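Below is one structure; the comments refer to it alone.
Only the coordinates and a few stated rules stand behind these numbers; no lab work does. In this text the structure is predicted, and so the values were computed from the model without any measurement. So basically every Cβ, Gly included, is an ideal-geometry build from the backbone, and we count neighbours across all protein chains shown.
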Amino acid sequence: MLRSTHFAITADQATALQDLPTGRDRLKFLQSDIAPHMFQHEGELTCITEYAWNAVHRCLTDGYLKWNNGTAPRNQVILGGENLYDRDDFVMLLKDPRMVRGVAYALPNITKMWMLAGYKKIPPSDYEFAKSEDDFEIAWDAFLEVKRLFDVAGRAGRYILFTVEQ
């Protein structure tokens, strides 16, 4: 199972990440500095979605898990932003404050019925989990938390760093 987290980070944290020379250096900085700090001191500015990120992205786009599918700003919630890691064992995507505000502005218009319609578009043959009412409810709950975080981060002018451990 793939664990994912959204972190609403400061401009200084974002710059420190971007200034590191390699993806491995960025991952070490995330693991040694950003994640411990966020979890210990700014837990309200983090959102762990576990595997539900997969369904959330699919619901917000076209039913598939692809890098460039769907339309902005909905397709930026999960897989949008600057790619800060260049290997296939981890995902690290940085969304700047402008992108965060754009996403935050669009998410209140998404209803549970709209998400459910998106969930129904997910092809079972292309989805590694069993589609079910419970799976959708988990994705909906994760979406609500992500929506809350984008709202808070957007108002605070923060970046959002999306990570997935593979």
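With +1 on each Lys and Arg Cβ and -1 on each Asp and Glu Cβ, how big is the dipole of the chain about its Cα centre, in debye rounded to the nearest 20?
Working: 19 positive and 23 negative charges, 114 e Å.
Taking the Cα centre of the chain as origin, the dipole is about 540 debye.
Looking at the square roots a ≥ b ≥ c of the eigenvalues of the Cα gyration tensor of segment 48-129, which shape do they give, rounded for a/c under 1.5, prolate if a/b is larger than b/c, or oblate?
On the way: a/c = 2.01, a/b = 1.12, b/c = 1.80.
It comes out oblate by the Cα gyration axes.
Provide the gained length on full extension for the span residue 11 to residue 117, in nm with one decimal, where the gain is 0.36 nm per separating residue minus the Cα-Cα distance. Before the final figure, lay out the partial values.
Working: separation 106, 0.36 × 106 = 38.16 nm, distance 3.61 nm.
Contour length minus the Cα-Cα distance gives 34.5 nm.
Can you pull the Rg over Rh of segment 99-166, Cα-only, Kirkwood?
On the Cα set of segment 99-166, Rg over Rh gives 1.02.
Report, in whole Å, the centroid distance computed from the Cα atoms of segment 63-142 and segment 22-48.
21 Å
For residue 50, enumerate residues with amide H under 5 Å from its amide H, sequence gap 5+ or separate chain, H modeled in the peptide plane.
4
Using Cα springs under 10 Å in a Gaussian network model of the chain, which residue among 23, 63, 43 shows the largest mean-square fluctuation?
So, out of 23, 63, 43, the one fluctuating most is 43.
Going Cα to Cα from residue 131, which lysines come in below 28 Å? Please leave out same-chain ones fewer than 8 positions away.
66, 112, 120, 121, 147
Going by average Cβ neighbours within 10 Å, how do the peptides 45-58, 80-93, 115-128, 4-17 rank, with the highest at the top?
45-58, 4-17, 80-93, 115-128
Would you please calculate the Kirkwood hydrodynamic radius of the chain over all C-alpha pairs and express it in Å, rounded to one decimal?
Its Kirkwood hydrodynamic radius stands at 15.9 Å.
Can you pull the one-decimal nm distance between simple spin-label points at residue 72 and residue 25, each 7 Å off the Cα toward Cβ?
So the two model labels end up 2.8 nm from each other.
Full extension from residue 40 to residue 109: what is 0.36 nm times the residue separation minus their Cα-Cα distance, to one decimal in nm?
On the way: separation 69, 0.36 × 69 = 24.84 nm, distance 3.21 nm.
Answer, rounded to one decimal: 21.6 nm.
How would you order 98-107, 27-36 from highest to lowest mean count of nearby Cβ atoms within 10 Å?
Ranked from most to least packed, the peptides come out as 98-107, 27-36.
In whole Hz, what ³J(HN,Hα) sequence does segment 147-154 give by Karplus (6.51, -1.76, 1.60; θ = phi - 60°), x for Gly and Pro?
Listing the rounded values in order: 4, 4, 5, 4, 5, 4, 5, x Hz.
Place a label point 7 angstrom from the Cα of residue 155 along the Cα-to-Cβ direction, then list the residues of segment 1-45 whose backbone nitrogen is under 15 Å away.
44-45
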